[in-house]
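Asks: This is the structure I have questions about; it appears just below.
Derivation of every value follows stated rules applied to the coordinates shown; laboratory data play no part. Quick caveat: nothing in here was measured; it's all calculated off a predicted structure. Neighbour counts run over all protein chains shown; Cβ positions are idealised from the backbone, glycine included.
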Amino acid sequence: DAGVIQSPRHEVTEMGQEVTLRCKPISGHNSLFWYRQTMMRGLELLIYFNNNVPIDDSGMPEDRFSAKMPNASFSTLKIQPSEPRDSAVYFCASSNRSNQPQHFGDGTRLSIL
Amino acid sequence: GDSVTQMEGPVTLSEEAFLTINCTYTATGYPSLFWYVQYPGEGLQLLLKATKADDKGSNKGFEATYRKETTSFHLEKGSVQVSDSAVYFCALTRNSGNTPLVFGKGTRLSVIA
């Protein structure tokens with residue numbers, strides 16, 4: 001079975017540029033989560049969706065961050081404009097329901113110069 | 001609100017040593033409890049789980065018992081290997097409602113030969 005697929009695996013870009021991270025959840029999963037992981041702050045939940053609808057985006061750090069889920073098999077996390085402090089590993093995860101065990105992708109390592 | 005507290009790391013052990021990583025939780029009702037493991041460069045993977053009091057989850061030589069009286073779910077392994085070096089996360093979820101997992105901050109384990 002294919003797991004959660006994230007792209008790109010690595011992204012290096014200059015500050016001010018737009019960054020788009022992509023996620024394909026496991027087929028049949030109804031909940032999708034975006035996390036950010038840094039050494040300083042650990043694992044942070046940014047936003048999650050149930051049935052393609054955003055439920056809680058209180059973890060999104062600023063208006064520069066936005067997330068969409070246009071259909072059940074695709075989600076994006078966008079940062080515009082990007083800043084060096086956005087450098088982190090961003091994970092996408094999915095589950096059957098939001099209170100069920102989550103399956104994580106391998107993450108996107110983002111470096112903003 | 002619900003929360004998970006893990007022992008702070010890093011934890012450094014010699015190969016074949018006994019491992020305990022403490023985890024306590026605060027939650028209303030009867031949550032399900034999980035341990036996730038994150039190997040370097042990868043996403044989090046579900047290691048084991050327990051859904052009710054006195055349940056013991058086990059996998060790959062790791063065990064954890066759901067102790068409601070002490071609100072704990074400590075992770076143990078009798079003999080660690082170098083390949084167990086990773087970050088371990090304790091997590092909980094409510095069995096009712098539709099809220100996501102709550103993760104602890106993670107404990108880094110390094111096993112040296």
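Asks: Could you work out the mean count of beta carbons from other protein chains within 10 Å of each residue's beta carbon in B:7-17?
Replies: Working: counts 0, 0, 0, 0, 0, 0, 0, 0, 0, 0, 0.
Mean inter-chain Cβ contacts per residue within 10 Å come to 0.
Asks: Taking +1 at the Cβ of each Lys and Arg and -1 at the Cβ of each Asp and Glu, which of A:SER98, A:ILE5, A:ALA88 sits farthest along the dipole of the protein assembly as shown towards its positive end, judged by Cα position relative to the Cα centre?
Replies: Highest projection toward the positive end goes to A:SER98.
Asks: Now for a separate question. Just to be sure I follow the rule: in the protein assembly as shown, considering lysines 8 or more places apart or on different chains, how many pairs have Cα atoms under 28 Å apart?
Replies: For the protein assembly as shown, the number of qualifying lysine pairs is 24.
Asks: With the crude spin-label approximation of a point 7 Å out along Cα→Cβ, what separation in nm comes out for A:VAL53 versus A:ARG22?
Replies: Using points 7 Å along Cα→Cβ, the separation is 2.8 nm.
Asks: Ok, one more. Taking the protein assembly as shown, how much of its Cα-Cα pair set, in percent, is spaced more than 32 angstrom apart? All intermediate terms of the calculation are to be shown ahead of the outcome.
Replies: Numbers: 5009 of 25425 pairs.
That tail contains 20 percent of the Cα-Cα pairs.
Asks: Tell me which of B:GLN38, B:GLY78, B:TYR66 sits at the most positive position along the dipole axis of chain B, charges placed on C-beta atoms (Lys, Arg +1; Asp, Glu -1).
Replies: Farthest towards the positive end: B:TYR66.
Asks: What dipole magnitude, in Debye to the nearest 20, does chain B give about its Cα centre under +1 on Lys/Arg Cβ and -1 on Asp/Glu Cβ? Working shown, then result.
Replies: Working: 10 positive and 11 negative charges, 64 e Å.
Here chain B has a charge dipole of around 300 debye.
Asks: Take chain A, connect every pair of alpha-carbon atoms lying under 10 Å apart with a spring to form a Gaussian network, then pick out the residue of A:ASN96, A:ASN71, A:ASN51 with the largest mean-square fluctuation.
Replies: A:ASN71
Asks: Report the antiparallel proportion of the DSSP beta bridges in the protein assembly as shown as a percent, rounded to a multiple of 5.
Replies: The answer is about 90 percent antiparallel.
Asks: Moving on. If you find the alpha carbon centre of region B:75-113 and of region B:7-25, how far apart are they in angstrom?
Replies: Value for the Cα centre distance between the two parts: 10 Å.
Asks: Just the number: Rg to Rh for region A:48-113, Cα atoms, Kirkwood Rh, two decimals. Provide the component values of the computation, followed by the final result.
Replies: Values: Rg = 12.7 Å, Rh = 13.1 Å.
Result: Rg/Rh = 0.97.
Asks: Please compute the average number of Cβ atoms from other chains found within 10 Å of each residue's Cβ in peptide B:39-49.
Replies: If you average over the peptide's residues, the count of other-chain Cβ atoms is 4.
Asks: Rg over Rh of chain B, using C-alpha atoms and the Kirkwood radius, what does it come to?
Replies: That ratio equals 0.96.
Asks: How much FRET efficiency would the formula 1/(1 + (r/R0)^6) give for B:THR99 and A:ALA72, where r is the Cβ-Cβ distance and R0 is 35 Å, rounded to 0.05?
Replies: 0.95
Asks: Using only atoms on other chains, find how many Cβ atoms lie within 10 Å of each Cβ of peptide B:100-111 and report the average.
Replies: 3
Asks: Continuing with the same structure: Could you give the spread of the C-alpha atoms of chain A along their three principal axes, from largest to smallest, in whole angstroms?
Replies: Each principal axis gives a Cα extent; for chain A these are 37, 28, 27 Å.
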